[in-house]
């Protein structure tokens with residue numbers, strides 16, 4: 001394939017042992033830090049062009065978060081790299097038994113378009129820290145960031161061991177024909193299947209960060225205004241294009257009645273009376289995605305928002321009610337600024353509803369009652385879980401982030 | 001699909017929450033312990049019939065090692081199951097952040113024929129300990145053991161949550177069409193690819209314990225007699241049908257000359273002058289495998305052994321000399337009682353030889369000079385590594401056991417088995433109030449808010465720290 005030479009070159013570099021010394025890895029990681037600093041303005045501009053990302057959101061979710069991961073890694077790399085000595089049995093008492101931390105070799109990281117810097121760089125930080133050579137493939141959909149990464153990132157890293165490949169669907173399929181020693185993919189479940197099947201040919205281990213419909217159960221015992229703010233924040237950040245965004249709300253009819261005015265107030269508080277004029281609300285990344293999300297509006301009844309502007313790829317922060325489980329908006333991950341509310345009679349009904357569906361990346365419960373939180377946590381399965389907030393569990397570097405099923 | 005009913009039955013049982021309480025899991029695990037105790041004689045007989053496994057070997061690998069894993073798990077289960085509380089940042093100080101250990105759900109374990117009890121039981125222990133429902137598919141090649149497991153294991157376990165399926169290649173393909181929440185496979189790399197491809201359709205995570213040719217480098221500085229015994233033990237245990245057996249030796253011409261008589265002596269010490277008469281030497285599991293291994297004898301020169309008896313599926317403990325990298329015996333995993341010696345000029349040449357080939361499940365290096373052992377360790381890549389012995393690294397439950405590249409993905413033994421079958425769920429439980437802590441993140445955005453957030457959120461680099 002067209003990239004076989006590149007992969008061969010990186011493999012030779014890895015076999016040379018170049019990436020093994022800690023000093024080398026630290027130097028590469030510090031260079032990544034300089035990339036984040038020196039290209040900060042370019043990153044703000046590229047993400048603004050690609051999907052109208054507000055600079056505040058970029059600073060927080062693309063730059064600061066990467067810097068945290070970088071510093072966390074640099075602070076701990078010495079410890080993480082060390083041999084781990086383990087307990088021995090009677091027979092091996094006089095021997096040395098330890099776990100050696102070794103790189104896999106040549107790693108491929110495929111990034112998505114919604115947090116195009118974060119979701120490329122955070123895996124890259126770990127791959128470099130672990131001593132691997134890496135091929136990075138940024139998303140072709142966030143075109144301005146793709147260009148920025150392809151043109152400037154290689155300048156910061158050792159070209160013998162790290163490369164950026166730009167590729168659409170066809171070329172990515174060809175890229176995947178090569179043997180990699182690890183593949184890290186963030187994207188949709190359907191493409192995840194394709195990546196894993198390609199990896200299977202070479203017995204390549206994979207990490208697949210996919211998506212789903214993240215349910216958000218709001219119990220009757222809660223502070224409605226706080227809930228509304230936290231849910232609206234999670235749903236409308238990046239115009240809803242977040243894999244861990246609350247996808248839909250489950251609550252009782254009574255709670256829905258309280259939640260709606262609270263949501264209306266939170267949205268107005270955040271974005272003003274006309275969110276299209278707010279500098280703090282993003283846009284949909286592309287025309288195709290805009291049309292897909294817009295079509296989901298034909299579900300239930302629009303009670304807040306619903307306005308769209310195709311030219312600007314703007315969809316207003318929207319709340320839908322009277323949504324049925326077989327409505328379009330409930331058939332796929334929304335990945336846009338639409339929050340459907342479905343009513344359930346009880347927490348057990350909510351749990352049954354959740355368990356009848358695919359296991360989501362995140363699960364949210366809002367309740368002042370610990371027992372309710374505990375019940376939902378224990379009786380469901382999800383990648384991650386957060387009670388009384390949305391998204392925040394992702395911000396702790398000490399918690400594992402990933403999906404299931 | 002013939003198995004769809006069974007899979008959904010188990011999935012319903014899992015969704016009911018039956019396997020979650022620790023008491024339930026302990027009861028199932030203790031029942032497994034009783035299976036090992038009460039069916040010990042049956043296990044010895046079945047494995048003797050299937051491949052002439054000496055009862056000593058069966059006691060060690062099929063019973064003792066399994067009981068170790070069982071006891072290690074029972075001793076530690078409550079600790080392993082606990083929520084792990086994690087470091088919090090400034091913003092989340094008043095919250096609860098922890099890793100919840102959740103089961104995956106319905107797990108499929110596919111086992112091979114060479115250690116037919118051990119290689120399904122040890123994963124099963126971890127899968128049960130982690131709270132999963134499990135389907136076990138023992139190998140159809142070891143027919144007596146397969147029958148024993150199918151007929152007897154289910155009497156010990158809760159049939160709502162655990163099942164044994166007997167299946168050949170066709171039926172296993174149909175079984176794999178079902179959606180499992182985890183698949184644990186031990187077998188060959190080629191079948192491993194098929195399993196992973198089937199798993200990909202359902203995005204099912206897998207552990208693949210595969211194989212390869214495990215190199216055994218013997219340096220010039222060593223105690224030749226000890227080396228010979230340890231290598232002979234590892235190679236001829238179970239008549240060589242061991243995924244981590246030393247597959248071939250790399251050494252200098254001088255070392256080969258010293259090693260050969262030492263190997264001859266060790267083999268005689270272990271199996272007598274006619275190993276076919278020894279009660280302590282196994283047989284090849286089936287005719288197909290016997291023919292495959294026997295064909296490998298046409299490589300190099302038979303220096304020790306070489307005798308075969310087709311009726312008994314006996315192949316003598318054999319050492320081949322003058323073996324070339326292009327010989328048949330160097331083209332595939334031997335999985336039989338043949339030890340080829342390939343001559344190299346130096347340790348560097350041995351390392352290059354190893355690195356030019358697929359990454360093996362195990363690498364062995366024998367040297368009294370720890371620098372040599374360290375060099376081989378540092379400059380190669382393998383599932384596991386053992387200096388100055390063979391096989392022993394997998395008997396420690398505290399070491400992860402698994403392959404890399406062609407030899408597999410994933411790891412288990414001890415807590416690693418529990419972790420394999422556990423979904424580590426990141427959980428955060430925040431306060432319903434204290435909204436003031438959250439206001440900096442809400443729009444309308446401002447530089448002030450951003451400054452506050454980065455100051456409180458962002459992890460800072462600790463003082464330009466000491467490098468190793």
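Laboratory data are not the source of any read-out in this text; all were calculated from the coordinates shown. In this text, all values refer to a predicted model and were calculated from it rather than measured experimentally. Positions of Cβ are backbone-derived with ideal geometry, glycine not excepted, and every protein chain shown enters the neighbour counts.
General remarks:
- In degrees, nearest ten, helix B:370-379 long axis to first principal axis of chain B (Cα): 60 degrees
- Cα long-axis angle, helix A:65-81 against chain A (0 to 90 degrees, to the nearest 10): 40 degrees
- Inter-chain shielding of B:431-438 (mean C-beta neighbours from other protein chains, 10 Å cut-off): 5
- Relative exposure of B:50, A:280, B:37, B:322, judged by other C-beta atoms within 10 Å (fewest first): B:37, B:322, A:280, B:50
- Centroid-to-centroid separation of region A:378-405 and region A:220-294 [C-alpha atoms, Å]: 20 Å
- Placing one equal scatterer on every Cα of the protein assembly as shown and applying the Debye formula, the log10 ratio I(q)/I(0) at q = 0.09, 0.11 Å⁻¹ is -0.95, -1.32.
- Once C-alpha pairs closer than 8 Å and six or more residues apart are averaged by separation and normalised to the residue number of chain A, the relative contact order reads 15 percent.
- Convex hull (Cα only) mean projected area of region B:215-406, reported in nm² to one decimal: 10.2 nm²
- Within region A:215-394, antiparallel bridges make up roughly 25 percent of the DSSP beta bridges whose residues both belong there.
- By the beta-carbon count within 10 Å of each Cβ, the least crowded to most crowded order of A:287, A:393, B:429, fewest first, is A:287, B:429, A:393.
- Whole-number percent relative contact order across region B:398-468, with pairs defined as alpha carbons under 8 Å at least 6 apart: 15 percent
- Antiparallel DSSP beta bridges within the protein assembly as shown, percent to nearest 5: 25 percent
- Ordered by the count of other Cβ atoms within 10 Å of each Cβ, fewest first, B:100, A:67 give B:100, A:67.
- The calculated 222 nm mean residue ellipticity attributable to helices in chain A amounts to -13000 deg cm²/dmol, summing -39500 (n - 2.57) over DSSP H runs of n ≥ 4 and dividing by all residues.
- Relative contact order of chain B: 18 percent, from C-alpha pairs under 8 Å at least 6 residues apart in sequence.
- Computed from Cα atoms, the angle from the helix A:189-201 axis to the main principal axis of chain A rounds to 20 degrees.
- Only helices enter this figure: runs of n ≥ 4 DSSP H residues, each worth -39500 (n - 2.57), summed and divided by the residues of chain B, yield -11500 deg cm²/dmol at 222 nm to the nearest 500.
- Bridge orientation summary for chain B: considering DSSP beta bridges with both residues in this region, about 35 percent are antiparallel.
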